[in-house]
1. Among the residues of the range 105-129, count how many are surrounded by fewer than 23 Cβ atoms within 10 Å (Cβ to Cβ), touching a helix residue (DSSP H, G or I) at 6+ places or on another chain (Cβ under 7 Å) and in contact (Cβ under 8 Å) with a residue 40 or more places away in the chain.
2. From (1) crowded, with 20+ Cβ neighbours inside 10 Å; (2) under 21 Å from residue 487 (Cα atoms); (3) at pLDDT below 90, pick out the condition that doesn't hold for residue 620.
3. Considering only residues that are under 26 Å from residue 196 (Cβ atoms) and in contact (Cβ under 8 Å) with a residue 12 or more places away in the chain, which ones fall in the range 230-255?
4. Under 30 Å from the mean Cα position of the chain (by Cα) and modelled with pLDDT of 90 or more: does that describe residue 76?
5. Could you please give the count of residues in the range 33-55 that are without any contact (Cβ under 8 Å) to a residue 12 or more places away in the chain and surrounded by fewer than 13 Cβ atoms within 10 Å (Cβ to Cβ)?
6. Applying the selection to the range 258-291, what residues are without any contact (Cβ under 8 Å) to a residue 24 or more places away in the chain and crowded, with 20+ Cβ neighbours inside 10 Å?
7. Checking residue 227 against (1) in a helix (DSSP H, G or I); (2) surrounded by fewer than 22 Cβ atoms within 10 Å (Cβ to Cβ); (3) in contact (Cβ under 8 Å) with a residue 24 or more places away in the chain, which test does it fail?
8. Scan 98, 44 and give me the residue that is more than 29 Å from residue 132 (Cβ to Cβ) and not assigned by TED's automatic domain parsing to the domain that holds residue 611.
C-alpha cells in the first residue's frame, strides 16, 4: 500500500475547495444579476447573502448586499453590512472609501453618535482637518443639547489640540470652562486668545471677548485693566477712564493705573486732571522723564506756557543727556509760537538746531535775533551750556527740583455711593475745557447710571467675532484687496443663495482685478442663477432677523456658535454671512483629497456631499474643469437640469479647458438635453462634437436616433455639419 504524505492531501483538498468556492460564487453572482434584471430584489439578496457567507472578504459583494437592503427598507441589515465594509477599508488604509461608507451609515441611522468620532478620526488621518472639525462640532452640539458637559469639554479639547490656531474653538472652550465651575482653566484659555489677538492688533474682537467674559470674572482687575486698554486702542478714552477710575478706588497709589489715567485725561483734553495726576506721579518719582514729558505737554495743552517753559529750562540738560532732543525741539517750537520774541526760547532753539543740523531753521533763528539786536544782554549762551554738557556727566542729585506748588497733598476722592458697574455702552460727560476750579486736586468718578457690565446676565450675551485673517475693517486707512479671500466669500454667498450680494462682490473684485478669469466665471454663474430665480413666494422670503447658524443645530435654546463671527442683525439690517474658521481650515486642506472624497461620495450616491467636496477641490485650477463636470453630473442625477447645464457651461468657459474635455462636455450636454426633453439642443450639442471628432464614442448613433425623432434628413444634417466645421475653424 502506497502512503501519500498528509501535506499533499491537504494542499489538494484546499485547491479543490477553492475551485468549489469560485465555481459556486460565480454561479451565485450570475444568478443575482439575472434576478436584478428581472427586478426580483429579494431573490438577488438571497444570492448575495450566500456569496458573503462563502467569501466574507468580498467587500464589494457586502457593499452590494447593503445597497439592496437599503432598497428594500431593511436599514438595520444594511447598517451591519456597511459597518463591516467600513472597518475593512479603514483597517487597510482606504480612508476616503471608509469615510464614504460611514457617511452612508449616518444617513441610515443619524442617532449613532459614535459615527461622528469615527468620521472625525478618519478625516484627520486623511489630512482633512476642516472636515474633522466639522464632525467634532456636530458631536459637541449633541452633547450640549443633552447636557453632557464632561463629554462636551473633552471634545472641545480635542478640537483645540487638532488646530491650535482656531481661536473660535478656544473661545468656546474657555466659555464652557468658565460657566461650569472651571474658571481657572477658562481664564488661562482666554488669556492665550487675548494675547494672540493683541499681537494682531484686533481690538474689535478683544472688546467683544471682554464683553463676553467679564460677567464670569467680575472682580478680575487684570481683565478690567485690559478692557480699559482696549478702549484706549480704539481711541475711546472716555469709557477707558471710567474703568480706571473705578479700579483706582482700591489702589489709589498704583503707578500703572495713574499713568493710564493721566494719558486718558490728556487725550480727553481734561488738562487740569491730567496735570494733577502727573504731578502726583512726579511726587512719587521726580526722575521719571516719561511722566515729566507728559506733564509738560499737559501744561502746554492747558495754555500754561510760562510754567511749561520753566519746567523745560530746568530739565533741558537732563532731557538732552537722556537723548530726548526731539521732545525738547517739539516743545520749544510750540512755545516759540505761543510766547513770541521770548529770548530764552530763541537761544535754546538756536542750540537745538545746531545739534540736530537743521540749518534752515537755524538761519531763521539768527535772522530773528539780529532783528532784535538792541535787546541783546551779555550772558552765557544756552548753546555753550548744552554743547558743554556733551563731555561731562550730570549728577541727577545736584539738579534742583522746582516742583509746582500745591497747597495741600493731592487726593483722589472717588464717589463711593452704590456699586460702580462697567458697561461697554457707557459714555463720559464731556468736561468744559474752561474749567478753572481744580485746586483741590480731586478726581471725581463720572459714570453713567446705565453702565452695567458686571451685572449683565450671561444668558443675554450676544457675542460674535469674525476671525478671518486680515479682514479688519479699521486696520488701515486704505483697504488692501485679497483676491483669494474675496472670491471665497463670493462662492459662500452663492451657496447660501445670496446671489445679489455675490454679484455685487464680483463686480467690486473686477474693479481692482479686471483680468480675474475665475471672478468673471463666477459672475456668469450668478447672472444665470438670477435669471432662473423667479419672484419668490411669501413663504420663501427669508426673515430679516435670521442670522447664520449651523445646519445641524436643532435645539434653538442651545447657543453654540462656533463661528463667533457674525453680529446678530436687527430687523432692518441686511443679512450678513461670514465664513467660519472651519470653512477656512477646509479651504487649506489637501484639495486632491477633497476631490477623491467627492468621487467616493458620488459612487455611494451621496450627491450633496459629493458636490460639496467638488466645490472645495475646484480651488485647484488643474481640477476646475473636472470638478465642474462632476458637479454637473451630480446635479443631473438629482434631476436639477438647470444647475447641471450651468456647471457644464462654466467648464466650457474655463481657460484651463483641454480639447478632450471639450468633446466630453459637449457629449454630456447632449445627454443632459435628452434627459430634459430638449431634443433640438441635444442634436446641436452632438453635431458640435461630431464636427470635431466623427468617431467620438457613439456620436453617430446618437445623431441618427435624434434625426429620426425630429424628422431631419441626411442632407440637412450634412449642411448643418459643414456650417459647424466652418464656425469652429473660424474660431
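The values are calculated or read from the model by the stated rules, or taken from the named source; none is laboratory data. Here the structure is a predicted model, which means the values were calculated and not measured. Please note: Cβ atoms are built from the backbone with ideal geometry, for glycine as well, and neighbour counts cover all protein chains shown.
1. Summing the residues that are surrounded by fewer than 23 Cβ atoms within 10 Å (Cβ to Cβ), touching a helix residue (DSSP H, G or I) at 6+ places or on another chain (Cβ under 7 Å) and in contact (Cβ under 8 Å) with a residue 40 or more places away in the chain in the range 105-129 gives 3.
2. Going through the list (1) crowded, with 20+ Cβ neighbours inside 10 Å; (2) under 21 Å from residue 487 (Cα atoms); (3) at pLDDT below 90, residue 620 breaks only (1).
3. The answer is 230, 231, 232, 233, 234, 235, 237, 239, 240, 243, 244, 247.
4. no
5. 5
6. 258, 278, listed by residue number.
7. Here residue 227 meets the rest and fails (2).
8. Exactly one residue qualifies, and that residue is 44.
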